[in-house]
Structure formats: structure tokens, C-alpha cells
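Down below is the structure, laid out as C-alpha cells.
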Amino acid sequence: MAAYNLNALLNDKRKFRHHLLLVTVLALTLAGSVAVLFDQSVALYFNSPESHAFIRPLAREVTNIGLSEHYFTICILTWIFCAYVAPRFAKLKKYSASVDYFRRWGLNFLVALLVSGAMTHVVKFLVGRQRPHKSPSFDPFVFDHITTHWHWHSFSSGHSQVMFTTATMFCIAFPKYKWLWLAIAVMACATRVIIQDHFISDTIFGACVGYVGTLLALKWMQRSKNALI
């Protein structure tokens, strides 16, 4: 999503609320439909011997791009460099506007990761859905609500949330390559299904949490001098 579109959205309270509600309802509807129609069959497919030979080992390596520490490192280092290091170099003064932009971008990115991450953990705790590989029949409708155990934290996908938070922030900073960021995020979501840590519906709602949480963080940051949009 281009920055100018987000600017109009974030500055219209009514449109902003309606957008978040629409995205959430659509994500829940799609996730629910997929859970009924496809979650179990897709999980069983990736449990087949054929998928073990090549696809799953590759996916297990690729899925690590969804680890949040990578993106916490990027945003924190960007913020620190632009806020405290770059101003010390005279040669960078002519780029002061860009440096200030990425200082605010790094800080907003950090807040977006924290907000959407907190939302994900609340959902996981409340829903308590069993992970696919922990169910002998890969039943997508086994729950233990209000639990902190990792085996029951399938819904929603944290990796998917991280990747869509990151994709949204990178689309803002580098809109020319928005389809690349979205493609990488979708690929990371797919690996979570392939290695059977999540059902498809988990990744759908995880992506929604990443996007919605990022917009909420950007809206909150508008109240400060570090507003990005």
C-alpha cells in the first residue's frame, strides 16, 4: 500500500475504523471457511512421504525469515543510526530529510512489531488451537482455551504476523517494490503450513493481525513528534 493512500486512511477516523473492521471481518470469514474446507486436507497432504523428501526440509530453512528478531534488529539499528550516528557525519547533512524519515520509520516499525506481536499473543492465549503436527488426524478443531503452552498456540500464526507487519512497513518506505515485499510475506506464510506448525487459516488471520496491528501503531504514533504519516 502506498504511503499517500495510508495518509488519507489514517487521517479519516471514520474511514480508518471501517477499514480495520472490514479487514478483520473478511479475514475471519476467509479463515473460518478455509478451516472447514481445506485446513485438514492440506495438512494431511504435507504429511505425505513425498513432501518429506524435498519440500519440507527446504520450507523449514526458509521459514526462519519470519523470526521476529531479524526485524527488531533492522528497525532498532535503523532508528539508532539515523538518530544518533548519521547526524555526526557532515557528508550526510544534505540527506537530512531522508535520515529523519528513516529515523521515524525505524521507530514506527518497532512500535508496529510490538503492537501486532502483543495482539498475536493475546489471540493465541485466548483461542488455544492445537498445532497440526500435534494432532494424529490433523484435526483443525481441537482447542484448549486460555493456555500458555506452545502446542496450543496455532491460531494465529506469529511468523505470518511478523511478515505482514514487515511487508506493510516496507511497502510504506519502498512502495516501488510493494509486490516483492508482499510475495516474500506470502511465501513465509506458506512455509508455516508446509512444515505443519500452522493451518492455512492460522496464517490468514496472522497476516490480518500483522496488517491491522501496524495500522493501529501508525495511528497511535501520529500523536507524537515521531509520526511517520
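What follows draws every value from the coordinates through simple rules; no lab data is involved. Please read all numbers here as calculations on a predicted model, not as lab measurements. All Cβ positions, glycine included, derive from the backbone under ideal geometry; neighbour counts span all protein chains shown.
Each Cα pair under 8 Å and six or more residues apart adds its separation to the average, and for the chain the resulting relative contact order is 30 percent.
Computed extension length for Lys134-Phe89: 10.8 nm, one decimal, from 0.36 nm per residue of separation with the Cα-Cα distance subtracted.
For the chain, what are the DSSP H helices with axial Cα length of 30 Å or more and mean Kyte-Doolittle hydropathy of at least -0.5? Long hydrophobic helices here: 13-37, 96-127, 200-221. Applying 1/(1 + (r/R0)^6) with R0 = 25 Å to the Cβ-Cβ distance of Thr148 and Ala190 gives a FRET efficiency near 0.35. Ordering 213-224, 182-193, 61-72 by mean Cβ neighbour count within 10 Å, with the highest value first, yields 182-193, 213-224, 61-72. The slack in the chain from Leu180 to Val62, taken as 0.36 nm per residue of separation less the alpha-carbon distance, amounts to 40.9 nm. Highest mean packing first, where packing is the average number of other Cβ atoms within 10 Å per residue, the peptides 164-175, 143-154 line up as 164-175, 143-154. Alpha-carbon geometry of the range 11-127: the Rg and the Dmax are 21.0, 60 Å, given in that order. Which net charge results when you count Lys and Arg as +1 and Asp and Glu as -1 among the other residues whose beta-carbon is under 9 Å from that of Trp79? Its environment carries a net charge of +2. Within a straight-line Cα-Cα reach of under 12 Å, Lys225 can be paired with the following aspartates and glutamates, leaving aside sequence neighbours fewer than 8 residues apart in one chain: Asp100.
Under the convention that each Lys and Arg Cβ holds +1 and each Asp and Glu Cβ holds -1, the size of the dipole of the range 1-112 around its Cα centre is about 800 debye. Taking each DSSP H run with n ≥ 4 as -39500 (n - 2.57) and averaging over every residue of the chain yields -22000 deg cm²/dmol at 222 nm. Packing, as the average of other Cβ atoms within 10 Å across residues, places the peptides 75-86, 5-16 in the order 75-86, 5-16, highest first.
Cα centroid separation, the range 48-91 to the range 121-176: 19 Å. Gyration tensor over the Cα atoms of the range 118-229: the corresponding equivalent ellipsoid has semi-axes (square roots of 5 times the eigenvalues, largest first) of 29, 17, 7 Å.
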